[in-house]
Amino acid sequence: MDHDHSYKLLFSHREMVEDLLLGFVHEPWVRELNFNSLEKMNGSYVADDLREREDDIIWRIRWGQEWLYIYLLLEFQSTIDRFMAVRVLTYVGLLYQDLIRTGQWTADRRLPPVLPVVLYNGAPTWNAPEDIADLILPVPGGLERYRPRLHYLLLDEGRFSAQDLAPLQNLLAALFRMENSRTPSDVEQVLSALVEWVSDPLQDSLRRAFTIWLKRVFLPGRMPNVTFETLNDLQEVRSMLAERVTDWTKDWKQQGIEEGRQEGRQEGEAALLLRQMERRFGPLEESMRQRIRAADAETLLQWGDRILTATTLDAIFESTQ
């Protein structure tokens, strides 16, 4: 819950949304945005069916003479939601219902565009379809034109390398770099740059949001036996890290050893499952092999149990599609 709340706090600041668009959406239309018009919308709206959505962040920005809406979904689950595209379609539809109800359409009574963004920080690489059309069975002969299409922008933190992110003077890139950091010195380097980037007195709220995330989510995850509640500023976090870098490096190395052992066990379980499945059902497609390698330990265990009774490959994956 702290992770969810701290990220929502961070993305309640326009600087984070601006850097998301400028640094991670490499499309021509971004150049036409008026970033001075960025405006956070009410995060809670009631759709016609009276279901409330309070978990997501909605911004709007002027695109030419019209508004463009940015619907930001934050995903902090350990397993990948294969049907995320269906959820996105539902949420965007609810947003459009709310815009219709409040009369927020264009001059010619059309609805504004919406950019759905899924921000994911789980360990397995995201492999779910990013367009709802890819989840629906294609039927030729004319029926295919009724198949809906809606694509979401996926930002999978683990896919970005330090080499890609390091040259960017970008708040979201800094956040990703810290999430993916391997050593305390990596964090110290990013933190030093971040302190400079948000030094303006008008950015006090943003600095506080980063401090909250660091002391309640990031640092406790790396140093579970240390108390950070007394830290109230980014500069204090940087100073503390510099003072204890030697001790922290030892602890992080030890954590790396434990993580390496866990990863090794998981790779072994995936290899065993692949052998068992190929002996029973024959050679597997590469996409299926990749899916097995990317699965977490609990999912591999479920699939391994089903191999004893399943008569088809589909039966093994039945409830984890």
Checklist entry - What are the residues in segment 168-184 that are modelled with pLDDT of 90 or more and outside any helix (DSSP H, G or I), if any? => result Leu168, Gln169, Asn170
Item to check | Selection status of Ala133, in a loop (DSSP other than H, G, I, E, B), of a type in the set (Gly, Ala, Ser) and either in contact with a helix residue (DSSP H, G or I) (Cβ under 6 Å, 6 or more places away or on another chain) or modelled with pLDDT of 85 or more (or both) | outcome: no
Checklist entry - Quick one: Leu175 ticks every box in (1) out of contact with any strand residue (DSSP E or B) (no Cβ under 7 Å at 6 or more places or on another chain); (2) closer than 30 Å to Leu206 by Cβ; (3) assigned by TED's automatic domain parsing to the domain that holds Asn121 bar one, so which box is it? => result (3)
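Select, from Ala310, Ala315, the only residue that is modelled with pLDDT of 80 or more and not assigned by TED's automatic domain parsing to the domain that holds Met84. Break it down into steps so the answer makes sense when it comes.
Details: Ala310 fails: modelled with pLDDT of 80 or more.
Going through Ala310, Ala315 in turn, the sole match is Ala315.
Have a look at Pro112, Pro124, Pro148 and point out the one that is in the same structural domain as Ile57 (by TED's automatic domain parsing), within 21 Å of Asp56 (Cβ to Cβ) and surrounded by 16 or more Cβ atoms within 10 Å (Cβ to Cβ). Spell out the reasoning first.
On the way: Pro124 fails: within 21 Å of Asp56 (Cβ to Cβ); Pro148 fails: surrounded by 16 or more Cβ atoms within 10 Å (Cβ to Cβ).
Answer to the selection: Pro112.
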Checklist outcome for this item: With the first residue restricted to segment 134-162 and required to be closer than 14 Å to Asn121 by Cα, and the second required to be of a type in the set (Ser, Thr, Tyr), Cβ contacts under 6 Å at 6 or more apart or on different chains are Asp156/Tyr120
Checklist entry - Which of the following residues is in contact (Cβ under 8 Å) with a residue 60 or more places away in the chain and not acidic (Asp, Glu): Leu175, Leu191, Leu165? => result Leu175
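Mind checking whether some residue in segment 137-146 is of a type in the set (Val, Ile, Thr) and modelled with pLDDT of 90 or more? Spell out how you get there, then give the answer.
Let us first name the residues in segment 137-146 that are of a type in the set (Val, Ile, Thr), namely 139.
Narrowing the set further to residues that are modelled with pLDDT of 90 or more leaves none.
No, segment 137-146 has no match at all.
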Next on the checklist: Give me the residue from segment 301-312 that is within 15 Å of Glu278 (Cβ to Cβ) and under 29 Å from the mean Cα position of the chain (by Cα) and, out of that set, surrounded by the most Cβ atoms within 10 Å (Cβ to Cβ).
Outcome noted: Trp303
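Would you list the helices (runs of 4 or more DSSP H) that sit entirely within segment 188-245 and hold 1 or more residues that are within 20 Å of Gln169 (Cβ to Cβ) and out of contact with any strand residue (DSSP E or B) (no Cβ under 8 Å at 6 or more places or on another chain)? Step through it out loud before you land on a result.
Numbers: elements: 204-213, 219-222, 234-243.
Helices (runs of 4 or more DSSP H) meeting the threshold: 204-213, 234-243.
Okay, residues lined up against (1) farther than 28 Å from Ala107 by Cβ; (2) at pLDDT 95 or above:
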residue	(1), (2)
Leu10	yes, no
Glu18	no, yes
His26	yes, no
Glu32	no, no
Glu52	yes, no
Trp63	no, no
Trp67	no, no
Checklist entry - Name the residues in segment 194-210 that are loosely packed, with under 12 Cβ neighbours inside 10 Å and among the hydrophobic types (A, V, I, L, M, F, W, C), would you? => result Leu202
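Any idea how many residues of segment 231-247 are of a type in the set (Lys, Arg) and modelled with pLDDT under 75? Write out each step before concluding.
If we filter segment 231-247 for residues that are of a type in the set (Lys, Arg), which is where we start, we get 238, 244.
Among the residues that remain, those that are also modelled with pLDDT under 75 are: 244.
So the count comes out to 1.
The values are calculated or read from the model by the stated rules, or taken from the named source; none is laboratory data. From a predicted model like this one, the values you see are computed outputs, not experimental measurements. No Cβ is skipped: glycine too gets one built from the backbone with ideal geometry, and neighbour counts run over all protein chains shown.
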